[in-house]
There are 2 protein chains.
Amino acid sequence: MSAEFPAEALQLRSLVSADQTLKLSLDLVPVPEPGPDEVVIRVEAAPLNPSDMGLLFAGADMAAAVASGTAERPVVTAPVPDAAMRALAARVGTPMPVGNEGAGTVVAAGESAAARALLGKVVSVAGGGMYAQYRAVNVALCLELPAGATAVEGAASFVNPMTALGMVETMRMENHRALVHTAAASNLGQMLNRLCLEQQVPLVNIVRKPEQEATLRAAGAVHVCNSASADFMTRLIDALKATGATIAFDAIGGGRLASQILTGMEAAASASAGAYSRYGSTVHKQVYIYGSLDRGPTELARSYGMAWGVGGWLVTPFLQKIGPARAAQLRDQVAAGLTTTFASSYTAQVSLPGALSLEAIADYGRQATGSKYLILPSRAA
Amino acid sequence: MSAEFPAEALQLRSLVSADQTLKLSLDLVPVPEPGPDEVVIRVEAAPLNPSDMGLLFAGADMAAAVASGTAERPVVTAPVPDAAMRALAARVGTPMPVGNEGAGTVVAAGESAAARALLGKVVSVAGGGMYAQYRAVNVALCLELPAGATAVEGAASFVNPMTALGMVETMRMENHRALVHTAAASNLGQMLNRLCLEQQVPLVNIVRKPEQEATLRAAGAVHVCNSASADFMTRLIDALKATGATIAFDAIGGGRLASQILTGMEAAASASAGAYSRYGSTVHKQVYIYGSLDRGPTELARSYGMAWGVGGWLVTPFLQKIGPARAAQLRDQVAAGLTTTFASSYTAQVSLPGALSLEAIADYGRQATGSKYLILPSRAA
């Protein structure tokens, strides 16, 4: 091991105990030795994505969180409700590293040529456990950033960009010609809007606030519907008629929005259909739920014939489905647009201890659209 | 035209008017001349399937139905609620013939060899408008019944048999190895149970009453769960573990049953999984809703990871998907098992006027499991 980095370093861990307590802590763990085909990355930036929240908070009641520990090594504990415990059985008692993606500098490498070629390079990686100062990963997981790109610029180069590309790819694979997206003013939503404008894919953006509507229109979005407005369904149906969108990606999950989208799609399809069919239109209408901003149940009115589907969607199984060759092409697209199409913006940058302050947790834990934190693990508290 | 049949004959029609009234009547319509590739069938038996109820009743409030007309030509009217009218716009003012399937004797044929070959034969047909005394259909829609089979035996040889076969075929096409079925004591459910026993496909039957459980067990069913019993989820999960079923066909539609099935499948999958995954198991779990015995909204708890889907399923698009060659093979299976595997039983046989008595409507309109009517259009009132 080189003298450039210590024997032990901090790793953020989330532990659920049998007594229904969540404990978030910064633990000193050995800096790993790289295997032959691995590199050790000094993690310099890692985003707090919505997709990290489930593993991090484990459904605990964070409004009841209590802080302890020291400024350098804070500890946060919170009660886990009965309902959440049921799904957590397999992780009780095991401290879980957190952080789906991040970026940093390769400071050690295994023996393989591929590993050694990355020494000193800035790479991004979606390997899990990225809320840590050092992380050993297989070279196959590393994306070398374009020359001049920083770890901050590359930190969020996997989850959101590959999700946006995956939505467009899924639309094409399943023979649709336009997209609907909810929570459309999110970092991901704005990215999808840029991507769809570039690729000339018609996109119906659904937001919940007038200022979000303005943000998207300023970014060139053509179809933006506010689900909180009185004429939402009318405007949604108009946008669905104009675009012919029959597939939606929904980050909300709970409530009636998915069902409203299907109702709108059916109304748009029926407007262009001929004779009455008691089973509704034969046009297949699909909503994929990829998030759960509303954890309540999804309520489906089923007033849209029989040609419809609702289901879960995640980027990882999607990438397995398209295979490594196509996934590599998508990764190349991300690298080419890292600071443009696929750029993320952050409302705050925090250290590892800073990420465990109750104030920060209250802020990024809300998952409010437009609020996004970046952890800089190398930064001192 | 031969002198064997009249110039005009009765046809049951369902008419929704702009004043929100449903009118069911028996209208005298000309007996059709067959086209070159058509035959005219004297319809002798046609079942009242759950899938006929939507077109027949148009969502009207049949509890408020009023009878008028004569004994030979009864008329039934009923109010259509606002909510139902929205989906009916395309049929307002157009009298709709009803009856998905039926069987009878070919009494006239067009010029083609295929048409002439059916003269005098007993055929079953899924052509729509079968609640009529005579019906002209293309020969391609006709299934010649095996020698000795009656129209009553062949009347329901399409919808239920092809649906049961379609469920098993869909299970195989989508790489599942066992089935779940709800409303499993229905005519269709008992048929599916026989088919699965024959084909050695593990089947989890979900029913709502103890006597339905007994009926299925007496018919050899291994896994029967009563959704009204206190230990339903426990028994369902046990059955899902035992069978490995990850696809369900649900006739209920509304409420939480579809979601409970997905929860059970996830519990069964997790029991055999290894380490904790925050996104749940990677096993895809699917529920197809093919009926709507409960018209209320479908409520999905989404407590089963991200690898799940819920959607509509209908036999007609399924047959289009598998193509005519495979569909013909399935039809051959039905013909071979017409009086065994694919036999239907009826609680009542009625004439066309009898089908429009308020008592009969109240009975078959309930769609209670085990209650099924057969119309004999050639029978006098």
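The values are calculated or read from the model by the stated rules, or taken from the named source; none is laboratory data. Since the model is a prediction, treat every value here as computed from it, not as a measurement. Neighbour counts are summed over all protein chains in view; Cβ atoms, including those assigned to glycine, are modelled from backbone coordinates with ideal geometry. Accessible surface areas use protein heavy atoms only, side chains included; no ligands, DNA or RNA. Shrake-Rupley method; radii C 1.70, N 1.55, O 1.52, S 1.80 Å.
The single residue among A:Ala87, A:Ala103, A:Ala108 that is among the small types (Gly, Ala, Ser) and part of a helix (DSSP H, G or I) turns out to be A:Ala87. Kindly indicate whether any position in region B:333-342 is at pLDDT below 90, more than 30 Å from B:Ala84 (Cβ to Cβ) and touching a Ser or Thr at 6+ places or on another chain (Cβ under 8 Å). No: region B:333-342 contains no residue that is at pLDDT below 90, more than 30 Å from B:Ala84 (Cβ to Cβ) and touching a Ser or Thr at 6+ places or on another chain (Cβ under 8 Å).
Among the residues of region A:286-304, the ones that are farther than 22 Å from A:Pro50 by Cα, more than 7 Å from chain B (Cβ to nearest Cβ) and not aromatic (Phe, Trp, Tyr) come to 1 in all.
So, restricting to strands (runs of 3 or more DSSP E) that lie completely within region A:158-269, which ones have at least 1 residues that are in contact (Cβ under 8 Å) with a residue 24 or more places away in the chain, small (Gly, Ala, Ser) and touching a Ser or Thr at 6+ places or on another chain (Cβ under 8 Å)? Passing ranges, in order: A:247-250, A:253-255.
Select, from B:Gly244, B:Gly254, the only residue that is facing another protein chain (nearest Cβ under 9 Å) and open to solvent by less than 20 Å² (accessible area, probe 1.4 Å). Full working, then the answer.
Values: B:Gly244 fails: facing another protein chain (nearest Cβ under 9 Å).
After ruling out the rest, the residue left standing is B:Gly254.
Of all positions in region A:102-112, none carries a residue that is surrounded by fewer than 20 Cβ atoms within 10 Å (Cβ to Cβ), of a type outside the set (S, T, N, Q) and without any contact (Cβ under 8 Å) to a residue 40 or more places away in the chain.
Of all residues in region A:59-92, those satisfying the criterion of being within 14 Å of another protein chain (Cβ to nearest Cβ) and open to solvent by 40 Å² or more (accessible area, probe 1.4 Å) are A:Pro81, A:Asp82, A:Ala83, A:Arg86, A:Ala87, A:Ala89, A:Ala90, A:Val92.
Screening B:Tyr276 against (1) at pLDDT below 90; (2) facing another protein chain (nearest Cβ under 9 Å); (3) open to solvent by 50 Å² or more (accessible area, probe 1.4 Å) leaves a single unmet condition, (3).
Looking across region B:35-48, the residues that are surrounded by fewer than 23 Cβ atoms within 10 Å (Cβ to Cβ) and in a loop (DSSP other than H, G, I, E, B) come down to B:Gly35, B:Pro36, B:Asp37.
Selection of region B:123-157 for residues being over 22 Å from the mean Cα position of the chain (by Cα) and either in a helix (DSSP H, G or I) or among the β-branched types (Val, Ile, Thr) (or both) yields only B:Val139.
Residues are listed down the side, and each one gets a yes or a no for (1) within 14 Å of chain A (Cβ to nearest Cβ); (2) of a type outside the set (Phe, Trp, Tyr); (3) surrounded by fewer than 22 Cβ atoms within 10 Å (Cβ to Cβ):
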{"residue": "B:Glu169", "(1), (2), (3)": "no, yes, yes"}
{"residue": "B:Leu192", "(1), (2), (3)": "no, yes, no"}
{"residue": "B:Arg235", "(1), (2), (3)": "no, yes, yes"}
{"residue": "B:Ala269", "(1), (2), (3)": "yes, yes, no"}
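From the list A:Leu88, A:Leu15, A:Leu55, the one residue that fits, being of a type outside the set (Ser, Thr, Tyr) and at pLDDT 95 or above, is A:Leu15.
Selection within region A:215-233: residues that are open to solvent by 60 Å² or more (accessible area, probe 1.4 Å) and of a type in the set (A, V, I, L, M, F, W, C). The member of this set that is farthest from A:Ala268 (Cα to Cα) is A:Ala218.
Which members of region A:1-24 meet the condition of being touching a residue at least 60 places away in the same chain (Cβ under 8 Å) and part of a strand (DSSP E or B)? Answer for region A:1-24, where residues must be touching a residue at least 60 places away in the same chain (Cβ under 8 Å) and part of a strand (DSSP E or B): A:Ala9, A:Leu10, A:Gln11, A:Leu12, A:Arg13, A:Ser14, A:Leu15, A:Val16, A:Leu24. Figure legend. Inter-residue proximity from region B:58-77: first residues within 14 Å of B:Asp27 (Cα to Cα), second residues surrounded by fewer than 14 Cβ atoms within 10 Å (Cβ to Cβ) and modelled with pLDDT of 95 or more, beta-carbon distance below 8 Å, spacing 6+ or different chains. Indicated pairs: B:Pro74/B:Ser68; B:Val75/B:Ser68; B:Val76/B:Val66; B:Val76/B:Ser68.
Is it the case that A:Ile261 is away from chain B (no Cβ under 11 Å), out of contact with any Pro (no Cβ under 7 Å at 6 or more places or on another chain), among the β-branched types (Val, Ile, Thr) and open to solvent by less than 20 Å² (accessible area, probe 1.4 Å)? So A:Ile261 fits the description; yes.
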